[in-house]
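To start, the structure under review is shown below, and the notes come after it.
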Amino acid sequence: MSEKETWAVSLAVNATAQGVLATVTFVNNSSASAALYKWNACFDNRIHNDVFEIMHASGSVSYTGRMVKRGEPKADDFLIVDPGKSVAFTVDLNAAYGFPAGRHQYKIRYSALNPYLGRPGFDADRKSVV
């Protein structure tokens with residue numbers, strides 16, 4: 001893995017009758033393969049951690065999903081993404097966040113840490129959408 005892994009992260013949100021669907025796309029902008037921590041990347045199209053900040057006029061939307069303590073990340077906790085390649089995961093935010101009843105405007109932000117594979121330290125992946 002490269003010492004400087006560079007991720008471009010984008011977030012698209014679509015409210016439908018079926019739910020509030022969020023697609024997070026990660027693009028490896030480095031010249032080497034890079035490791036993406038599955039549990040914070042919504043791997044398998046599921047929310048594994050509180051990685052979205054959801055705000056409305058009255059405050060924040062609470063995370064209601066599972067809280068799992070994991071040990072130090074291991075190699076199989078990462079997805080290896082080749083240079084210039086992207087991966088995307090789509091999740092239903094209703095599955096892990098307690099949206100209040102009624103119609104509201106929301107500001108949604110994906111915010112998670114991506115630990116380095118095999119090295120101490122962290123690299124922050126952050127993207128906001130209004």
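The values are calculated or read from the model by the stated rules, or taken from the named source; none is laboratory data. Only a predicted model underlies this, so the values are computations on that prediction, with no experimental measurement involved. Note that we place each Cβ from the backbone using ideal geometry, even for glycine, and neighbour counts take in every protein chain shown. Note: areas computed on protein heavy atoms with side chains; ligands, DNA, RNA excluded. Shrake-Rupley method; radii C 1.70, N 1.55, O 1.52, S 1.80 Å.
Give, as a single signed number, the net charge of other residues whose beta carbon lies under 12 Å from the beta carbon of Trp39, with Lys and Arg counted +1 and Asp and Glu -1.
Here the charged neighbours net out to +2.
How large a share of the accessible area of the chain, in percent, is made up of carbon and sulfur atoms when the probe is 1.4 Å and the other protein chains stay in place?
About 50 percent, which is the carbon plus sulfur part of the accessible surface.
Sticking with the crude label model, points 7 Å out along Cα→Cβ, report the distance from Ser31 to Asn94 in nm, one decimal please.
Going from the Ser31 label point to the Asn94 one covers 4.8 nm.
Among Ala41, Gln105, Tyr63, whose Cα lies farthest out toward the positive end of the dipole of the chain, if unit charges sit on the beta carbon of Lys, Arg (+1) and Asp, Glu (-1)?
Going by the charge dipole, the pick is Gln105.
Sequence gap at least 6, Cα distance under 8 Å: using those rules, report the relative contact order of the chain to the nearest whole percent.
Rounded, it is 32 percent for the chain.
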